[in-house]
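The values are calculated or read from the model by the stated rules, or taken from the named source; none is laboratory data. Being a predicted model, the structure only gives us computed values, none of them experimental. Every residue, glycine as well, gets a Cβ built from its backbone with ideal geometry; the counts of neighbours run over all protein chains shown. All accessible areas refer to the heavy atoms of the entire protein, side chains included, with ligands and DNA or RNA removed. Shrake-Rupley method; radii C 1.70, N 1.55, O 1.52, S 1.80 Å.
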Amino acid sequence: MAPFFMQILMDIDSLMTKWRYNHVMLAQRMLGSKTGTGGSSGYMYLRSTVSDRYKVFLDIFNTSSFIIPRQYIPPLTSAMRHTLHSVSEDTNGDLLDRRY
């Protein structure tokens with residue numbers, strides 16, 4: 001579920017970048033080099049917003065390179081499996097510690 005959700009967020013970010021680019025091109029066609037409608041430097045300012053600096057989910061883009069495919073993850077030891085299995089959720093979604 002998490003990789004799918006991350007992919008959706010990256011897709012949203014990509015679509016926002018495409019929208020920004022289209023907006024830049026529209027502003028250049030409509031305004032040329034005039035001052036922007038919000039008092040900015042216009043086209044040059046808008047063009048600068050199409051960079052990675054303005055990505056909303058840049059951290060997700062960066063962490064996606066660290067996601068390891070499942071087939072390369074070594075199996076858990078019995079002790080680690082027991083430790084991880086000792087914590088679960090109750091019906092309300094609250095964590096329960098089954099070690100005690």
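Overview of results
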{"read-out": "Hits in the stretch 48-68 (condition: modelled with pLDDT under 75 and not in a helix (DSSP H, G or I))", "value": "Ile67, Ile68"}
{"read-out": "Failed condition for Val24, given (1) over 17 Å from the mean Cα position of the chain (by Cα); (2) open to solvent by 90 Å² or more (accessible area, probe 1.4 Å); (3) modelled with pLDDT of 80 or more", "value": "(2)"}
{"read-out": "Residue ID - modelled with the lowest pLDDT, chosen from residues in the stretch 2-21 that are open to solvent by less than 50 Å² (accessible area, probe 1.4 Å) and of a type in the set (A, V, I, L, M, F, W, C)", "value": "Met6"}
{"read-out": "The stretch 27-52 - residue that is within 19 Å of Ser14 (Cα to Cα) and aliphatic (A, V, I, L, M) and, of those, farthest from the chain's Cα centre (by Cα)", "value": "Leu46"}
{"read-out": "Residue ID - modelled with the highest pLDDT, chosen from residues in the stretch 27-47 that are exposed (fewer than 14 other Cβ atoms within 10 Å of the Cβ) and in a helix (DSSP H, G or I)", "value": "Arg29"}
